[in-house]
1. Is it true that some residue in the stretch 153-171 is assigned to a strand (DSSP E or B) and out of contact with any His (no Cβ under 9 Å at 6 or more places or on another chain)?
2. Looking at E83, E128, E105, E77, which one is surrounded by fewer than 22 Cβ atoms within 10 Å (Cβ to Cβ) and over 13 Å from the mean Cα position of the chain (by Cα)?
3. Hey, any hits in the stretch 151-160 for a residue that's in contact with a helix residue (DSSP H, G or I) (Cβ under 6 Å, 6 or more places away or on another chain) and surrounded by fewer than 22 Cβ atoms within 10 Å (Cβ to Cβ)?
4. For the stretch 93-141, enumerate the residues that are outside any loop (DSSP other than H, G, I, E, B), of a type in the set (G, A, S) and under 30 Å from K59 (Cα atoms).
Amino acid sequence: MFIRKLITLGFKFWAAGFFLQCLRLRHGKFFILCLILSMFFGTGCENKERECIDSPECKKYGACLNDGPNRCVTGCEPLCKTEGLCTPDHSQGLECLAKFNDCREASICREFGRCSAVNGYCIPISDEQCRQSAECGIVGRCKAVNNECMPTSDMDCIRSWGCIFDKKCYLKPGKRNYCGHLDAASKSHP
């Protein structure tokens, strides 16, 4: 009985050690695989982080982070899908930049009209990009002005869902134009 408890307790400490090791390395969706490999084969995760850092892909492409078995990534992946910042740049530390078609494939293009890569960032360069964005239909940001989409006339606001559902049908000019309610002090409409 004593030996059985000792073996059980030993196994729990052994398993907990591997659990903490995998947790520390933050393997995300590969956490369970990391745990299983570490517990049963004594390998799996403990050396993968170092392998990525020492790999030629790290030096050449910036793929220095481990994201599971045999997969080294740049660290730009989360920003790539949303912001279009897919290309690692090591000239000023690890920075992710937008290049070529990175912006068009990211949600920032569909949502905000920022579909063109200029100087490493996604910006709208045409009214067409802004008109195709979700923000044009929702809040009237349909024209490209100073590297962002914004409303430039009452018509941009009137065509938006903001006008239909919230009565924000009139252009409110300023540093950053927006659609708002008509107030007597700003202008009068028939």
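Readers should treat all values here as calculations from the given coordinates under stated rules, not as data from a laboratory. Small disclaimer: the values here were computed from a predicted structure and weren't measured. Please note: Cβ atoms are built from the backbone with ideal geometry, for glycine as well, and neighbour counts cover all protein chains shown.
1. Checked against the condition, which is being assigned to a strand (DSSP E or B) and out of contact with any His (no Cβ under 9 Å at 6 or more places or on another chain), the stretch 153-171 yields at least one hit.
2. E128
3. Within the stretch 151-160, not a single residue is in contact with a helix residue (DSSP H, G or I) (Cβ under 6 Å, 6 or more places away or on another chain) and surrounded by fewer than 22 Cβ atoms within 10 Å (Cβ to Cβ).
4. Of everything in the stretch 93-141, those that are outside any loop (DSSP other than H, G, I, E, B), of a type in the set (G, A, S) and under 30 Å from K59 (Cα atoms) turn out to be G93, S107, S116, A117.
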